[in-house]
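Everything on this sheet refers to the single structure shown next.
The values are calculated or read from the model by the stated rules, or taken from the named source; none is laboratory data. Not measured: the values here are computed from a predicted model. All Cβ positions, glycine included, derive from the backbone under ideal geometry; neighbour counts span all protein chains shown.
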Amino acid sequence: MTEIHEATTERQAILETVRRFVEHEVRPRSAALDARPNPEDCFSWELIEKAHELGLRTMTLEEKWGGLGLDSLTTAMVVEELATGDMGLAVVLAQTFKIAQLMQAAFNDEQRARVLPAFAKDPRGLLAIGMTEPGNGSDKHTNQPVPFRTSASRAPGGWVVNGMKHFISNGNRASHYLLMVQTDRGKTMANGSTCFLLERGRPGFTIGRVHDKMGERLANNAELVFQDCFVPDANVVGAVDKGSQVFARFSPQSNAYAGATVLGVAVALHRKAIDWASTRVQGGRRLIEHDGIRAQLAEMRMLIDASRAYVHRACWLADHQETGWDGTLGALPKAMAAQSAWKIATWTLEIHGGHGYMKEAGVEKLVRDAAAFLHSDGVNRTLFLKVANAMFGAMT
Ligand SMILES: Cc1cc2nc3c(=O)[nH]c(=O)nc-3n(C[C@H](O)[C@H](O)[C@H](O)COP(=O)(O)OP(=O)(O)OC[C@H]3O[C@@H](n4cnc5c(N)ncnc54)[C@H](O)[C@@H]3O)c2cc1C
């Protein structure tokens with residue numbers, strides 16, 4: 001674990017690049033994009049293309065595929081830094097970082113050669129995962145004995161997919177998708193679903209509604225609709241009926257990246273709370289000179305530091321699983337970071353008094369953003385249930 005604390009030159013250089021990107025490109029645009037009424041207009045290709053020019057979009061791909069080959073710990077640090085500028089943008093890129101890692105690990109040689117170089121070259125290449133369905137939310141995390149409704153039937157040379165997914169991050173923007181589809185309807189999701197690779201524009205695959213969200217608005221979430229969509233056998237990722245294993249085995253750091261994202265928002269909120277408390281005078285002195293406020297600012301620091309340590313531990317161990325990885329790290333660090341961020345959001349609002357409720361203070365956007373990861377990547381309670389099931393066995 002010593003490596004966690006090592007500030008390698010490469011890591012420092014990347015983080016410096018990200019800080020400049022956030023300061024000069026993301027922060028100046030964030031509030032105006034967030035305020036646009038049509039959710040599709042909140043997304044910015046300009047920011048994605050700038051991230052591409054800096055090598056950030058593809059940074060988790062190995063160098064032989066055109067990336068920087070960054071490890072999971074550095075990636076979490078980058079994600080947090082991006083989210084201090086804007087959470088939506090951080091989500092767009094974090095999804096792409098984690099799915100790129102998953103693809104290069106889970107794909108076979110032919111799939112890697114077909115997809116990864118093309119994705120690396122495309123300045124607008126983004127990635128998405130389609131699991132959630134209108135009738136299937138937390139059940140997919142707790143492996144309830146129900147199948148996905150989006151299903152596929154055998155056809156010569158492949159499969160025909162019908163159904164729909166919703167809430168999918170980058171759903172209307174991605175170039176490539178990983179899709180969970182029920183291939184054996186008589187079985188549970190865990191035993192009868194398959195992971196398919198899908199390219200944007202495949203006949204029978206269309207984008208439905210783009211969801212209007214309360215926060216995280218620079219990221220788009222959309223419905224994916226499948227009507228007799230043919231997917232060739234060559235696009236099956238891993239083994240048929242073993243889709244769940246693809247995610248469990250090749251994406252151990254995924255949930256911790258979600259924790260890093262919401263942590264970035266917590267950091268931005270904490271900075272605002274300190275700035276405000278340092279200048280606002282009430283009771284004859286600055287707020288920061290009142291014991292109650294000072295103590296609360298220190299407690300926020302504790303929540304951020306402890307959450308970050310947990311997220312970093314999960315990411316480092318995801319890359320060094322032989323040294324102590326366990327499944328709780330795929331759920332608890334995100335839940336802790338999300339709960340901490342939510343607490344920090346409400347405290348920051350309180351420290352700002354009525355000013356925090358006024359949009360001009362910029363706190364309300366961060367509060368809306370901080371709420372996103374109470375539910376995204378698994379509702380926190382669902383993640384606790386998942387861990388409890390692993391600890392004590394599933395309830396029958
Ligand atoms: C911003 C955002 C981005 C997202 N991005 C993606 C994405 O890219 N890809 C994707 O596939 N999905 C995505 N999702 C979907 C997300 O994973 C689901 O919203 C989440 O899994 C919860 O499902 P649900 O919303 O249907 O809630 P539900 O499952 O209906 O849960 C509602 C409540 O019931 C509780 N509950 C559920 N089951 C139980 C139980 N057995 N016992 C006790 N309590 C229970 C939950 O904890 C929760 O409090 C995204 C969601 C959001 C909000």
Residues satisfying the stated conditions in the stretch 116-147, i.e. under 27 Å from residue 60 (Cβ atoms), more than 7 Å from the ligand (Cβ to nearest atom) and not in a loop (DSSP other than H, G, I, E, B): 116, 117, 118, 119, 120, 121, 127
Residue in the stretch 291-303 that is among the charged types (D, E, K, R) and in contact (Cβ under 8 Å) with a residue 60 or more places away in the chain present: no
Within the stretch 169-204, tally of residues that are part of a strand (DSSP E or B) and either at pLDDT below 95 or over 22 Å from residue 140 (Cα atoms) (or both): 1
Per-region count, the stretch 296-324, residues over 16 Å from residue 345 (Cα atoms) and either among the hydrophobic types (A, V, I, L, M, F, W, C) or part of a loop (DSSP other than H, G, I, E, B) (or both): 10
Residue among 85, 67 that is closer than 24 Å to residue 212 by Cα, more than 16 Å from the ligand (Cβ to nearest atom) and surrounded by 16 or more Cβ atoms within 10 Å (Cβ to Cβ): 85
Of all residues in the stretch 325-344 being in a helix (DSSP H, G or I) and surrounded by fewer than 24 Cβ atoms within 10 Å (Cβ to Cβ), the one that is modelled with the lowest pLDDT: 327
Restricting the stretch 148-168 to residues that are more than 16 Å from the ligand (Cβ to nearest atom) and not in a strand (DSSP E or B), the residue that is surrounded by the fewest Cβ atoms within 10 Å (Cβ to Cβ): 156
Residues (hydrophobic (A, V, I, L, M, F, W, C), buried (at least 20 other Cβ atoms within 10 Å of the Cβ) and within 6 Å of the ligand (Cβ to nearest atom)) located in the stretch 370-387: 372
Filter result for residue 169 (of a type in the set (Ser, Thr, Tyr) and within 18 Å of residue 378 (Cα to Cα)): yes
Residue in the stretch 92-99 that is more than 18 Å from residue 252 (Cα to Cα) and either crowded, with 24+ Cβ neighbours inside 10 Å or assigned by TED's automatic domain parsing to the domain that holds residue 318 (or both) present: yes
